[in-house]
Amino acid sequence: MYCRINTYTLRGLAAVPVTVETDISDGMPVMELVGYLGSEVKEAKERVRTALKNSGILLPPRRITINISPAGIRKQGTAFDLPIALALLVCMGIVPEESLQGCCIMGELGLDGSVRAVGGALPRVLAAAEAGMACSIIPADNLAETMLVSGMRLIPATSLSALLLHLSGEKIIEPVIGSLENASGGVYSGEDLDFADISGQVVMKRGLEIAASGLHNVLLIGPPGSGKTMAARRMPTIMPPMTEQEIMELTKIYSVAGCLPAGEIVSSRPFVSPHHSCTPQALVGGGVIPKPGAVTLAHNSVLFLDELPEFRRECIEMLRQPLEDREVRVTRAASSVIYPADFLFVGAMNPCRCGYYPGPKCRCTESEVRKYTSRISGPILDRIDLAVGVENVGIKGVFGGEKGETSAEIRSRVAAARERQHFRFRDEEYECNGRIKPSHIEKYCALSRESQRLLENAFEKLGMTARTCHRVLRTARTIADLEESEEILERHLMEAISFRISEL
């Protein structure tokens, strides 16, 4: 007997339709899996055989052939266990084939017959909905993320035995209809942190407010203990709440990466801060089986690299593409995948290795200072809009310092500036000043004659590149938006330039 069942495999963040074809015929007792399979898929036959046995079902002593097509696409992961098991049960006449028609199926099987969660459930169910399927059989632990697919009829399975009772009509599993309103949030992003905890540091907080308002990359430069990390961790709290589209995008990414907590979705902006010892693959993605890296996990949120010069030079240089193109392309011999990486970059570093240059406590020579700061190359600095000098807070700031503005107060100004930008760029493919294309600079960042002369003088004296000049103009546009000004005034331009003077 022959049977076909629909499922999906992943290529990057995209789900590709796959058909599990099963045939049971006369011949030597053997089970063969074919179709360009990864090692974990080949192992599925033993998991499926044992799960069926422990669920009270023995496979017939006949020739069983399972083809996972198309054969030209490599299949990875354990999500094919449940489709294979159900296809076998249809061929054995235990499950009616019509009960699985137009249904997307996925799930890993335990040896006891339990149905376990799989990575990338959301993009699979989303692709099924786009293909016109109205039903998906999923592991119960993947229910929260797949709830984001509005209107999809979801059947959460906990075990193979329970699913068989449902398909036979003996004990129906109550279907759940996908709805964003009923999805539960997760992925902690520091909601209990607040900018009011930071005493003083007016310039640093101003720079971070500008960065959040226009999605400008920022570098904090200051001695140890000056509050750079403390402030960076609070960046998500001053950014506007996530939209439904952003929630969907980030939940897909975390699902594929296997970083999504069971029963939760990504409903608040995460703070991604890899250690400086991380590998290039961990930072930008890749590996033998490509997986998203930290820059993709920070999509629509904040990527923070503390002690930036301590990262491997190759890691720092690999940031060029995501900082410029807002995506990462991972190329392998067999295929190429693209991961989104539209994040707000926040870097932090000391002015020298000991951290106290140019103060009296500094023990570094001039050559050591230059060697340390030169680890950040010019092309990377060109891609950073704001360089903010941070000073240590005095004893008055530690004890009895006045509390600053709360995150909610700053967030209200940031949201208002974002609204102005969204309206301005309503006909463009981008929404924030930090993403203005070079060809659109003159259109959206027009200057008066006086402001233009000011920029020309700064260009010559500071040795700016064309890319740096564009970033100054984008920053000035954001400062003007924070003041609700349609025109970029000289003071806006001067403040934007001041955040370049302190760069390395």
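Taken over segment 34-48, residues that are under 13 Å from MET92 (Cβ atoms) and free of Cβ contacts under 8 Å to residues at least 60 places away in the same chain amount to 0.
Would you pick out the residues in segment 1-12 that are open to solvent by 30 Å² or more (accessible area, probe 1.4 Å) and under 26 Å from THR251 (Cα atoms)? Matches in segment 1-12: ASN6, LEU10, ARG11.
Could you check segment 51-62 and list, in sequence order, the residues that are open to solvent by 40 Å² or more (accessible area, probe 1.4 Å) and touching a residue at least 60 places away in the same chain (Cβ under 8 Å)? Within segment 51-62, GLY56 is the sole residue that qualifies.
For every residue, the table says whether it meets (1) modelled with pLDDT of 95 or more; (2) more than 30 Å from ILE436 (Cβ to Cβ).
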| residue | (1), (2) |
| --- | --- |
| ILE265 | no, yes |
| SER268 | no, no |
| PRO274 | yes, no |
| PRO280 | no, no |
| VAL295 | yes, no |
| ARG320 | no, no |
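Scan GLY169, GLY214, GLY225 and give me the residue that is more than 30 Å from ARG353 (Cβ to Cβ) and loosely packed, with under 15 Cβ neighbours inside 10 Å. Walk me through how you get there before you give the answer.
On the way: GLY214 fails: loosely packed, with under 15 Cβ neighbours inside 10 Å; GLY225 fails: more than 30 Å from ARG353 (Cβ to Cβ).
Testing whether each residue is more than 30 Å from ARG353 (Cβ to Cβ) and loosely packed, with under 15 Cβ neighbours inside 10 Å leaves just GLY169.
Of all the criteria given as (1) on the phi > 0 side of the Ramachandran plot; (2) in contact with a helix residue (DSSP H, G or I) (Cβ under 7 Å, 6 or more places away or on another chain); (3) not hydroxyl-bearing (Ser, Thr, Tyr), the one not satisfied by GLY93 is (2). Selection of first residues in segment 252-265 that are within 12 Å of VAL118 (Cβ to Cβ) and of second residues that are among the hydroxyl-bearing types (Ser, Thr, Tyr), restricted to Cβ pairs under 8 Å at least 6 apart or on distinct chains, gives the following pairs, ordered by first then second residue: LEU260/THR251; LEU260/TYR254.
Among the helices (runs of 4 or more DSSP H) confined wholly to segment 202-305, which include 3 or more residues that are touching a Pro at 6+ places or on another chain (Cβ under 9 Å), under 29 Å from ALA144 (Cβ atoms) and aliphatic (A, V, I, L, M)?
Numbers: elements: 202-214, 228-232, 244-257, 280-284, 294-297.
Hits in segment 202-305: 244-257, 280-284, 294-297.
Within segment 93-120, the set of residues being farther than 15 Å from ALA162 by Cβ and either surrounded by 22 or more Cβ atoms within 10 Å (Cβ to Cβ) or in contact with a strand residue (DSSP E or B) (Cβ under 7 Å, 6 or more places away or on another chain) (or both) comprises GLU97, LEU100, GLY102, CYS103, CYS104, MET106, GLU108, ALA117, VAL118, GLY119, GLY120.
When GLY400 is tested against (1) surrounded by fewer than 15 Cβ atoms within 10 Å (Cβ to Cβ); (2) modelled with pLDDT under 95; (3) at negative phi, only condition (3) is not met.
Here's a check for you: in segment 24-46, which residue that is open to solvent by less than 50 Å² (accessible area, probe 1.4 Å) and part of a strand (DSSP E or B) is nearest to LYS252 (Cα to Cα)?
Applying the first criterion (open to solvent by less than 50 Å² (accessible area, probe 1.4 Å)) to segment 24-46 yields 24-25, 27, 31, 33, 35, 37-38, 40-41, 44.
Narrowing the set further to residues that are part of a strand (DSSP E or B) leaves 24-25, 31, 33, 37.
Values: ILE24: 36, SER25: 40, MET31: 34, LEU33: 29, LEU37: 23 Å.
Ranking the candidates gives LEU37 first.
In the set GLU181, GLU246, only one residue is open to solvent by 20 Å² or more (accessible area, probe 1.4 Å), modelled with pLDDT under 90 and of a type in the set (D, E, K, R); that residue is GLU181. Kindly indicate whether LEU283 is without any contact (Cβ under 8 Å) to a residue 40 or more places away in the chain, open to solvent by less than 10 Å² (accessible area, probe 1.4 Å) and farther than 19 Å from LYS228 by Cβ. Against the criterion (without any contact (Cβ under 8 Å) to a residue 40 or more places away in the chain, open to solvent by less than 10 Å² (accessible area, probe 1.4 Å) and farther than 19 Å from LYS228 by Cβ), LEU283 qualifies. The number of residues in segment 299-344 being among the hydroxyl-bearing types (Ser, Thr, Tyr) and within 14 Å of LEU283 (Cα to Cα) comes to 1.
The values are calculated or read from the model by the stated rules, or taken from the named source; none is laboratory data. The model shown is predicted, which means the values in this text are computed figures rather than measured ones. Cβ sites come from the backbone with ideal geometry, for glycine too, and all protein chains shown count toward neighbours. To get the accessible areas, we keep the full protein, side chains included, count just its heavy atoms, and leave off ligands, DNA and RNA. Shrake-Rupley method; radii C 1.70, N 1.55, O 1.52, S 1.80 Å.
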